[in-house]
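This report concerns only the one structure given below.
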Amino acid sequence: MARGGVSVVIPVLNDAASLRRLVDDLRDTGVEIVVVDGGSDDDSKSVASGVGRVVSAPPGRGIQMAAGVPAASGDWLWFMHADTRLSPRVVAALVDRLDKPSWGFFSVRLDGGSWPYRMIERTMSWRAAASGIATGDQGIFVHRELLDAVGGVPRQPLLEDVELCRRLRRLAKPVVLREPLLASSRRWERDGIARTILVMWWLRFRYFAGADPKSLAREYYG
């Protein structure tokens, strides 16, 4: 892919089934796909090898995202979770806004069917637009020029998406695209909606108060 294009960077760890669906969504869109494997023992690498570049890195989203940047050839980096789904309209909405170096993210929808997920997704999208800080579920995109200016993707084990947005918003206001990405609700389904919300807000509060992300990661992942 020539410089000026979009490179999608996808960190994976045993995400073959989800990755296969996302790759199908991205196929024939004209974007470059860079999959960064954190040591999967499923078919993640073979799924990725047929459609894009595969890079290996130690596990951890921040570390894997950072490893994918030098492997990507596009001037625009678009960081995507493997369990994200998207429509052709999403790619078109992004390409239409790539007229000058900037950064931003999308609104989000959750794939859970019940009404609490509609409240969660609206709150997530509103909070991100108001604060300029998105989650990785929202498909953060950034021009390489701006990413280099903030020192690249933070190589930290937790809340790398929050820290990246904090750094980028010092340079420029984010572009918020209303066309939603479809994100997995499995975390809320697995751990419970109330508990998941409380844990994430507590982690964010402590991080903003100066807590070490390594300590927070040990608590979060157990």
Could you list, in sequence order, all residues of region 104-148 that are in contact (Cβ under 8 Å) with a residue 12 or more places away in the chain, closer than 20 Å to Leu159 by Cβ and of a type in the set (S, T, N, Q)? Ser125, Thr135, Gln138
Report yes if Ser215 is polar (S, T, N, Q) and touching a strand residue (DSSP E or B) at 6+ places or on another chain (Cβ under 6 Å), otherwise no. no
Identify all residues within region 70-79 that are in contact (Cβ under 8 Å) with a residue 24 or more places away in the chain, more than 18 Å from Gln138 (Cα to Cα) and either surrounded by 23 or more Cβ atoms within 10 Å (Cβ to Cβ) or of a type outside the set (D, E, K, R) (or both); write none if there are none. Ala71, Ala72, Ser73, Gly74
Have a look at Ile63, Ile133 and point out the one that is assigned to a helix (DSSP H, G or I), buried (at least 16 other Cβ atoms within 10 Å of the Cβ) and out of contact with any strand residue (DSSP E or B) (no Cβ under 7 Å at 6 or more places or on another chain). Ile63
Select from region 199-222 the residues that are open to solvent by 60 Å² or more (accessible area, probe 1.4 Å), under 21 Å from the mean Cα position of the chain (by Cα) and not basic (Lys, Arg) and write down the one among them that is farthest from Cys165 (Cα to Cα). Tyr221
I need every pair where a residue in region 41-61 that is free of Cβ contacts under 8 Å to residues at least 60 places away in the same chain and over 20 Å from Arg21 (Cα atoms) has its Cβ under 7 Å from the Cβ of a residue that is surrounded by 18 or more Cβ atoms within 10 Å (Cβ to Cβ) and small (Gly, Ala, Ser), sequence separation at least 6 or different chains. Ala57/Gly38; Ala57/Ala67; Pro58/Gly38; Pro59/Gly38
Part of a loop (DSSP other than H, G, I, E, B) and either modelled with pLDDT of 95 or more or of a type in the set (D, E, K, R) (or both): is that true of Arg118 in this structure? no
Restricting to region 149-183, name every residue that is in contact (Cβ under 8 Å) with a residue 40 or more places away in the chain, surrounded by fewer than 20 Cβ atoms within 10 Å (Cβ to Cβ) and part of a helix (DSSP H, G or I). Glu163
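The values are calculated or read from the model by the stated rules, or taken from the named source; none is laboratory data. Keep in mind that what you see is a predicted model, and the values were worked out from it rather than measured. Backbone-built Cβ (ideal geometry, glycine too); neighbour counts: all protein chains shown. Keep in mind that these areas ignore ligands, DNA and RNA; they rest on the heavy atoms of the full protein, side chains included. Shrake-Rupley method; radii C 1.70, N 1.55, O 1.52, S 1.80 Å.
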